[in-house]
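First up is the structure itself, then whatever we jot down about it.
The values are calculated or read from the model by the stated rules, or taken from the named source; none is laboratory data. The structure displayed is predicted, hence computed values, not measured ones. Neighbour counts are summed over all protein chains in view; Cβ atoms, including those assigned to glycine, are modelled from backbone coordinates with ideal geometry.
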Protein chains: 2
Amino acid sequence: MKRAADDLASRFTEPQEGPLGSRLRRAMARFFDFVDEHGPGFAALMRGGPAVSAGGARSMSTVSATNALIDSVRQVAYDQILSHMGVVGPAPVRLELVVRSWISLVESTALIWLDGRRIPRAELEAQLVQDFAALAAVAAARDEELAALLRDLVKGEPGDGPFTDLATRLIALASP
Amino acid sequence: MKRAADDLASRFTEPQEGPLGSRLRRAMARFFDFVDEHGPGFAALMRGGPAVSAGGARSMSTVSATNALIDSVRQVAYDQILSHMGVVGPAPVRLELVVRSWISLVESTALIWLDGRRIPRAELEAQLVQDFAALAAVAAARDEELAALLRDLVKGEPGDGPFTDLATRLIALASP
């Protein structure tokens, strides 16, 4: 299990080059590769422990150890994202919430995808990148520091990137 | 535990009246009331079982029973939301994903909030309603049926409602 966790954590490593949206997109592709490869094992792990256990009974300390391992992978993902956003030191509290809750959105999206694979995974990878932008934008409405950070990041995005695309689409949806 | 689950599930009941955003906002307030009242117990439950166990060890079947109970509450929330969106019968697959993944976002946001309560809960309640609109809008970009449903719902929202507010803000953020 430790080996799988290390493998998963390694997939979040991404060069600090190019638009943030593209970096996030590549990390999402590698994450879904992992989910694809480990299907049922990944689902069982996220739901409190291995799918199959030798004796049919596992102690709560095994569950706690599994939780701690999953949390350590989440922490790697969290640290990576902040580093790619250029945030040094402890993140402002609302940014921390956005990043951590988005990581949990990625997990639950992967679990729902695994249940029947009814949506092409490439679509979900792209969608999750836009979800990140959307959740950050919603939070930025209440936090000037976060809004300034996002505005800087958006400047680095291409005009046909996922964030611009998202904003255009929301405008279209909001108009009668 | 069953009693707490029933209590939580009952908080998603909301009259079918007024804008969807306001209904969702009231349900969020009742959900955070529950989280507030049950703090550590809620956190432990969501992480695989009761915080304190008599013998210090619990079988995986207890964990599975807890998961099943949590899933039943999630299902109540899911059914309620679809009913308020006017969806009858099985939801289109992308709408199902949006609603289920948003429910998981609500859970993780509540867990992060409990860890230090560093953001006013009223702010998070309002933010989660906008998160729902944002995630739905992102998904609607790839699903004409969902887009049509959202356009209908937006028509029922007041001009100063959370969705219009969100769209305005995204436009401001996207402009240089």
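Remark: pairs (first residue in region A:127-142, free of Cβ contacts under 8 Å to residues at least 12 places away in the same chain and under 11 Å from residue B:130 (Cβ atoms); second residue small (Gly, Ala, Ser) and surrounded by 24 or more Cβ atoms within 10 Å (Cβ to Cβ); Cβ separation under 7 Å; 6+ apart in sequence or on different chains) = A:138/B:134.
Candidates are the residues of region A:122-158 that are under 14 Å from the mean Cα position of the chain (by Cα) and not aliphatic (A, V, I, L, M); the one that is farthest from the other protein chains (Cβ to nearest Cβ) is A:125. When the test is whether a residue is modelled with pLDDT of 95 or more, facing chain B (nearest Cβ under 8 Å) and not in a helix (DSSP H, G or I), residue A:118 passes it. When A:128, A:135 are screened for being assigned to a helix (DSSP H, G or I), at pLDDT below 95 and in contact with a Ser or Thr (Cβ under 8 Å, 6 or more places away or on another chain), only A:135 passes. Total residues in region A:41-72 satisfying the condition of being surrounded by 19 or more Cβ atoms within 10 Å (Cβ to Cβ) and at pLDDT 80 or above: the figure is 3. For region B:54-68, check the following and say yes or no: at least one residue is touching a residue at least 24 places away in the same chain (Cβ under 8 Å) and more than 18 Å from residue A:46 (Cα to Cα). The answer is no; no qualifying residue exists.
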